[in-house]
1. Using a 1.4 Å probe on the protein heavy atoms, what percent of the accessible area of region 219-323 belongs to carbon and sulfur?
2. Given a 1.4 Å probe, how much area per residue of region 159-238 is accessible, in Å²?
3. Which distance in nm do the two modelled labels at Tyr164 and Glu56 give, with both placed 7 Å along the Cα-to-Cβ direction?
4. Pick out which of Arg101, Arg208, Arg252 has the largest mean-square fluctuation in a Gaussian network model of the chain, springs linking Cα atoms closer than 10 Å.
5. If I stretch the segment between Leu110 and Arg208 completely, what's the gain in nm (0.36 nm per residue apart, minus their alpha carbon distance), one decimal?
6. Please list the helices of the chain that count as membrane-span-like by this rule: a mean Kyte-Doolittle hydropathy of at least -0.5 together with Cα atoms stretching 24 Å or more along the helix axis, each helix being a complete DSSP H run.
7. In debye, nearest 20: dipole of the chain around its Cα centre with unit charges on the Cβ of K, R (+) and D, E (-)?
8. Could you pull out which residues in region 104-144 have an amide N less than 12 Å from a spot 7 Å beyond the Cα of Leu157, following the Cα-Cβ vector?
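The values are calculated or read from the model by the stated rules, or taken from the named source; none is laboratory data. Every value quoted in this text rests on a predicted model; they were computed, and no experiment measured them. Don't worry about glycine lacking a Cβ; one is built from the backbone with ideal geometry, like all the others, and counts go over all protein chains shown. Please note that ligands, DNA and RNA were not included when accessible areas were found on the heavy atoms of the full protein model with its side chains. Shrake-Rupley method; radii C 1.70, N 1.55, O 1.52, S 1.80 Å.
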Amino acid sequence: MGTIGATLIRAGRRFLSSLPALFGVLVFTFLLMRVLPGDPAVFFASGPSAGKEEIEVVRKQLGLDRSLPEQLGIYLYDVGRGNLGRSMMTGQPVAKDLQQRLPASLELTLTALVIALIAAVPLGVLAALRPNSLIDHGVRLFCSLGVCVPTFVSGLLLIYVFYYLLGLAPDPTGRIDVFASVPPARTGFLMVDFLLAGDVEGWWAAARQLMLPAFTMALFVIAPLARITRASMLVSLGSDFVRTARSIGLSRWQIVVTYALRNAILPVITIAGIVFSTMLGANVLVEKVFSWPGVASYALDALLVSDYAPVQGFVLLMASIFVAVNLLVDVLYGIADPRATVA
């Protein structure tokens, strides 16, 4: 109980210390959007051919006729009330758009992270057990290729091989086939909603649709996870408690899994949290290649037409998720290693 309490107190302190950073993100994003080229009033007033009166009307609707400090004050006040503004693209509140699209991004990112961990941890362990061997060099080569190849290139290659050549993957156009029936939206996670509806066939269709984009994202993040697993395992295997375990005659499997891997997994938890936050905000190319209706593609579409509110809402959402994931990692780290709560 004492360890859990100390961990929660530490997480609470980290949360309070992150509030100024979130405020800085709000202000920086607001100012950045105002210095970008392009006038949203011209775009949403039916393009460059619109008259000055039409442009002025749209500018007043967007609040762009006010001074910059006044716009910032109104924006901060609205955010404090939970109002992220209205998207000119969709005509809906930004909060509602993000709420509808976030489950799609989370489902894709979580699946990709699970795939990456399932592949990276065994690869890192194998490389650590055979340092400087052919296996070790092969793992490092595979990780280097995964990092060097851009996600949109690997995505297009996977589509070409598994959809066009082999015909094993479904049409890569969204979360579900356009002719398939969608279950009642209870959680927003399509696979969960299919299970809640008892539609196993629909769940399988959604899972097949998810595999290619998830593998595309996983290929890019396997490298940092495998590398940190390998480095941590090498340190654990060379530690005193592992040498003691060997001296008393424990089996190799028990030493690797029970002693070495258990201690080596702690840095992997930290890196996995950082990787998850990065994937969620940086998967825009994957969402575009596979027509995935997530928050990253939504923000990119808004940025291209200078629609300020969705971009600002997206950045605030990503910053908040990053803080929340870091707090969760702190809690998990404190539970896994009580020594961390002493700091």
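1. 68
2. Value for region 159-238: 54 Å² per residue.
3. My value for the distance between the label points is 5.3 nm.
4. For the chain, modelled as a Gaussian network with Cα springs under 10 Å, the answer is Arg252.
5. Going from the current span to full extension adds 33.7 nm.
6. 2-35, 94-129, 200-237, 262-282, 308-336
7. 1300
8. Answer for this model: 142-144.
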